[in-house]
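K.L.:
My structure is below; once you've seen it, I'll send some questions.
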Amino acid sequence: MAETVIWIDPDGATTTLEVNWSTRARFAPPIAFEEEGVPEQPGSRLRAVRHATREFVLPLWISDSSESALRTTLRDLVKAMDPARGDGTIRVTAPGGDQREIVCRYAGGLELDEILGDTSGPLVQRTPVVFRAFDPYWRATSDTVDTYTTGTTATFFPFFPIRLSSSEVFADPTVNNVGDVEAWPVWTITGPGSNVNLKRFTGGETKTLTLSTTLGAGETAEIDTRPGKKTVTKGDGTNLFGSLSSSSVLWPLLAGDNPIRVEMTGSTSDSSVKLAFRPRYLTA
């Protein structure tokens with residue numbers, strides 16, 4: 001099958017894009033080397049390497065059945081991609097059928113060069129459109145989700161069975177992040193229970209997130225570790241961020257296997273913990 005590309009605007013409306021060859025910068029993200037000069041030595045000293053903000057180009061072929069219809073299509077596209085409205089999403093379905101998407105904003109190209117016979121005609125307009133992704137990574141189009149309850153087994157492949165107990169340790173599963181880079185989980189805890197500890201054991205060190213609160217039966221708390229979010233909220237909207245311990249780390253799931261431990265005191269058969277995350281990738 002041929003590749004397909006759609007634009008999803010901030011309101012969730014979709015527009016199918018006809019993309020020509022000669023796309024640019026959809027694959028490896030740009031690299032930023034952080035370095036410093038060394039007195040009386042040639043070159044520099046490397047301090048860090050990171051992935052920078054990504055700009056990529058999609059050459060669009062915009063056509064319609066009449067001149068008036070084309071004008072309407074162009075107007076609608078400019079409105080749908082207006083960056084002042086908020087983040088949009090480019091979603092790509094690859095020839096193999098798998099999908100990835102990237103959150104971005106339109107950054108240029110729809111000013112249009114209307115050159116008859118070159119970039120435009122009565123029924124067609126051609127233009128390279130630039131998109132800017134402040135998070136340079138592509139991601140899966142849906143979350144990897146699993147819910148753990150007392151005496152039940154995990155329902156999604158990457159997770160081993162988890163057993164809730166009325167003492168503390170739920171289990172020590174290994175969570176597999178199939179992405180190329182770290183992924184940031186959203187945890188949803190359903191009571192009864194208290195004193196939640198979420199631990200990750202990787203690279204010879206332990207990262208711990210501790211929430212010191214008590215949830216009654218049916219009450220929930222959500223811990224959102226995603227960049228730009230970083231919230232801890234009770235189901236009724238109460239801000240629980242202050243209930244995190246001072247040593248807590250809102251840790252991500254690293255690429256590959258992540259041995260973790262989930263602990264909660266006072267849990268029953270009605271208690272549950274849900275883990276959700278989206279794998280992220282270097283390329284489309």
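The values are calculated or read from the model by the stated rules, or taken from the named source; none is laboratory data. Note that this is a predicted model, so its numbers are computed, not measured. So basically every Cβ, Gly included, is an ideal-geometry build from the backbone, and we count neighbours across all protein chains shown.
K.L.:
For the structure I just gave you, tell me whether Leu70 is modelled with pLDDT of 95 or more, more than 15 Å from Trp138 (Cβ to Cβ) and more than 25 Å from the chain's Cα centre (by Cα). Walk me through it before giving the result.
P.N.:
Numbers: modelled with pLDDT of 95 or more: yes; more than 15 Å from Trp138 (Cβ to Cβ): yes; more than 25 Å from the chain's Cα centre (by Cα): yes.
Against the criterion (modelled with pLDDT of 95 or more, more than 15 Å from Trp138 (Cβ to Cβ) and more than 25 Å from the chain's Cα centre (by Cα)), Leu70 qualifies.
K.L.:
Hey, could you check region 15-30 for residues that are within 21 Å of Tyr137 (Cα to Cα) and hydroxyl-bearing (Ser, Thr, Tyr) and say which is farthest from the chain's Cα centre (by Cα)?
P.N.:
Taking region 15-30 and keeping what is within 21 Å of Tyr137 (Cα to Cα), we get 17, 19, 22-30.
Now narrow it down to the ones that are hydroxyl-bearing (Ser, Thr, Tyr): 22-23.
Details: Ser22: 26, Thr23: 23 Å.
Ranking the candidates gives Ser22 first.
K.L.:
Moving on. If I filter region 62-70 for residues that are under 20 Å from Ala2 (Cα atoms) and surrounded by 10 or more Cβ atoms within 10 Å (Cβ to Cβ), do I get at least one hit?
P.N.:
Here is the first cut: in region 62-70, the ones under 20 Å from Ala2 (Cα atoms) are 62-63.
Checking the rest, the ones that are also surrounded by 10 or more Cβ atoms within 10 Å (Cβ to Cβ) come to 62-63.
Among the residues of region 62-70, at least one is under 20 Å from Ala2 (Cα atoms) and surrounded by 10 or more Cβ atoms within 10 Å (Cβ to Cβ), which makes the answer yes.
Per-residue answers, yes or no, for (1) at pLDDT 95 or above; (2) touching a His at 6+ places or on another chain (Cβ under 6 Å); (3) surrounded by fewer than 20 Cβ atoms within 10 Å (Cβ to Cβ):
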residue	(1), (2), (3)
Leu116	no, no, yes
Val129	yes, no, no
Arg132	yes, no, yes
Ala154	no, no, yes
Pro161	no, no, yes
Val169	no, no, yes
Val178	yes, no, yes
Val181	yes, no, yes
Val186	yes, no, yes
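K.L.:
Just to be sure I understand the filter: pairs with C-beta atoms under 6 Å, separated by 6 or more residues or on different chains, first member in region 101-113 and without any contact (Cβ under 8 Å) to a residue 60 or more places away in the chain, second member surrounded by 14 or more Cβ atoms within 10 Å (Cβ to Cβ) and small (Gly, Ala, Ser). Which pairs pass?
P.N.:
Close Cβ pairs (under 6 Å, with a partner that is surrounded by 14 or more Cβ atoms within 10 Å (Cβ to Cβ) and small (Gly, Ala, Ser)) amount to Cys104/Ala133.
K.L.:
Among the residues of region 189-213, which ones are polar (S, T, N, Q), in contact (Cβ under 8 Å) with a residue 40 or more places away in the chain and surrounded by fewer than 18 Cβ atoms within 10 Å (Cβ to Cβ)? Explain how you work it out, then say what you get.
P.N.:
Keep residues of region 189-213 that are polar (S, T, N, Q), which gives 190, 194-195, 197, 202, 206, 208, 210, 212-213.
Pick out the ones that are also in contact (Cβ under 8 Å) with a residue 40 or more places away in the chain and you get 190, 194-195, 197, 202, 208.
Ser194, Asn195, Thr202, Thr208 - these are the residues of region 189-213 that are polar (S, T, N, Q), in contact (Cβ under 8 Å) with a residue 40 or more places away in the chain and surrounded by fewer than 18 Cβ atoms within 10 Å (Cβ to Cβ).
K.L.:
Within region 81-99, track down each residue that is surrounded by 12 or more Cβ atoms within 10 Å (Cβ to Cβ) and under 23 Å from Ser22 (Cα atoms). Please lay out each step first, then the result.
P.N.:
Keep residues of region 81-99 that are surrounded by 12 or more Cβ atoms within 10 Å (Cβ to Cβ), which gives 81-83, 85, 87-94, 99.
Answer for region 81-99, where residues must be surrounded by 12 or more Cβ atoms within 10 Å (Cβ to Cβ) and under 23 Å from Ser22 (Cα atoms): Met81, Gly88, Thr89, Ile90, Arg91, Val92, Thr93, Ala94, Gln99.
K.L.:
Give me the pairs, please: first residue somewhere in region 34-58 and within 30 Å of Ile102 (Cα to Cα), second residue anywhere and charged (D, E, K, R) and not in a strand (DSSP E or B), beta-carbon distance under 6 Å, and either six or more positions apart or on two chains.
P.N.:
Close Cβ pairs (under 6 Å, with a partner that is charged (D, E, K, R) and not in a strand (DSSP E or B)) amount to Phe56/Arg26.
K.L.:
Give me the strands (runs of 3 or more DSSP E) completely within region 84-153, filtered to those with at least 2 residues that are among the hydroxyl-bearing types (Ser, Thr, Tyr), ordered by residue number.
P.N.:
Details: elements: 88-93, 99-108, 124-133, 144-149.
Answer list for region 84-153: 88-93, 144-149.
K.L.:
Still on this structure: Working only within region 226-250, note down all residues that are more than 28 Å from Gly203 (Cβ to Cβ) and surrounded by 15 or more Cβ atoms within 10 Å (Cβ to Cβ). Don't jump to the end; show me each part of the working.
P.N.:
Looking only at region 226-250, we keep the residues that are more than 28 Å from Gly203 (Cβ to Cβ), and these are 233-240, 242.
Selection gives Thr233, Lys234, Gly235, Leu240.
K.L.:
Of all residues in region 1-26 being aliphatic (A, V, I, L, M) and either in a loop (DSSP other than H, G, I, E, B) or in contact with a Pro (Cβ under 8 Å, 6 or more places away or on another chain) (or both), which is farthest from Val130 (Cα to Cα)? If you could, list the steps in order and put the result at the bottom.
P.N.:
From region 1-26, those aliphatic (A, V, I, L, M) are 1-2, 5-6, 8, 13, 17, 19, 25; that's our starting set.
Next cut, either in a loop (DSSP other than H, G, I, E, B) or in contact with a Pro (Cβ under 8 Å, 6 or more places away or on another chain) (or both) only: 1-2, 13, 19, 25.
Details: Met1: 26, Ala2: 22, Ala13: 20, Val19: 12, Ala25: 10 Å.
Within region 1-26, the match that is farthest from Val130 (Cα to Cα) is Met1.
K.L.:
In addition: So, of the residues in region 1-26 that are small (Gly, Ala, Ser) and exposed (fewer than 11 other Cβ atoms within 10 Å of the Cβ), which turns out to be modelled with the highest pLDDT?
P.N.:
Step one: filter region 1-26 for residues small (Gly, Ala, Ser), giving 2, 12-13, 22, 25.
Keeping just the survivors that are exposed (fewer than 11 other Cβ atoms within 10 Å of the Cβ) gives 2, 12, 22.
Details: Ala2: 86, Gly12: 98, Ser22: 86.
Of everything passing the filter in region 1-26, Gly12 is modelled with the highest pLDDT.
K.L.:
Among the residues of region 27-62 satisfying the criterion of being touching a Lys or Arg at 6+ places or on another chain (Cβ under 9 Å) and part of a loop (DSSP other than H, G, I, E, B), which is modelled with the lowest pLDDT?
P.N.:
Of the residues in region 27-62, the ones touching a Lys or Arg at 6+ places or on another chain (Cβ under 9 Å) are 29-38, 53-62.
Keeping just the survivors that are part of a loop (DSSP other than H, G, I, E, B) gives 29-30, 38, 53.
Values: Pro29: 98, Pro30: 98, Val38: 91, Thr53: 98.
Among residues in region 27-62 that are touching a Lys or Arg at 6+ places or on another chain (Cβ under 9 Å) and part of a loop (DSSP other than H, G, I, E, B), the one modelled with the lowest pLDDT is Val38.
K.L.:
Quickly run through region 251-284 and pick out the residues that are closer than 17 Å to Pro185 by Cα, buried (at least 20 other Cβ atoms within 10 Å of the Cβ) and aliphatic (A, V, I, L, M).
P.N.:
Selection gives Leu253, Ile260, Val262, Val273, Leu275.
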